[in-house]
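Heads up: the structure comes next, in structure tokens.
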């Protein structure tokens, strides 16, 4: 049985390799859609900090700020930028998710583990979670320290149309992005997809118990599994993209 499972894993990885090479998705440029309207000069590789005014206070603050926080802010600024939304409308949400990862990869100097973590931090769509407490009813734990206007501007630009069964509405599946990149990061950094699978299941099981309004969502488990596979396969093929996995059929996770 163990040999059969190993064989199936190798078979799935071989299918991904064939898809990547047959569709030429290994080239970063292909993560950008075929842009027929180039008169505005906008491309996915725009510089998110180009139009910012220099500030002595910001310069000094940045010196004492950990690099991971500065890098997270850069990816979030990229998502919040008006050009990002223009390209999202032009190219669709799948290519937009690829763009987030590729921007994170560039900012991380092509360190894949760091890029996956930056992508995860950049797509968080909750400011806080309310954890159930026996005495105080609930305790709010912050997930991001962005100002309200900055947070909502970034969240508004997040991709939402991930699956054929994506719920209607402006939010769609924007909460699935953190599941995907979080699982991918755990699988890649730990080099243990099995640990990622168990951790994801435990989190889903605990969510309705510990988090106010939380539920054990099978669609979250699907995204966790896709992210886990993405992170696992990046250990072998460094040039894969999120869209290779979010559009790839998977059996129900057990």
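Total residues in region 101-131 satisfying the condition of being under 15 Å from residue 158 (Cα atoms), without any contact (Cβ under 8 Å) to a residue 40 or more places away in the chain and crowded, with 17+ Cβ neighbours inside 10 Å: the figure is 1. Scanning region 218-248 for residues that are over 24 Å from residue 92 (Cβ atoms) and surrounded by fewer than 16 Cβ atoms within 10 Å (Cβ to Cβ) returns 218, 235, 236, 238. Take residue 34 and tell me if it is at pLDDT 65 or above and either in a helix (DSSP H, G or I) or surrounded by fewer than 18 Cβ atoms within 10 Å (Cβ to Cβ) (or both). In short, no. In the set (1) at pLDDT below 85; (2) part of a helix (DSSP H, G or I); (3) in contact with a helix residue (DSSP H, G or I) (Cβ under 6 Å, 6 or more places away or on another chain), the condition left unmet by residue 48 is number (2). Here region 51-93 is the region considered, the condition is being in a loop (DSSP other than H, G, I, E, B) and modelled with pLDDT of 85 or more, and the residue that is farthest from residue 106 (Cα to Cα) is 92.
The values are calculated or read from the model by the stated rules, or taken from the named source; none is laboratory data. As the structure is a computational prediction, the values presented were derived from the model and not from experiment. When we count neighbours, we look across all protein chains shown, and the Cβ atoms used for this are built from the backbone with ideal geometry, even at glycine.
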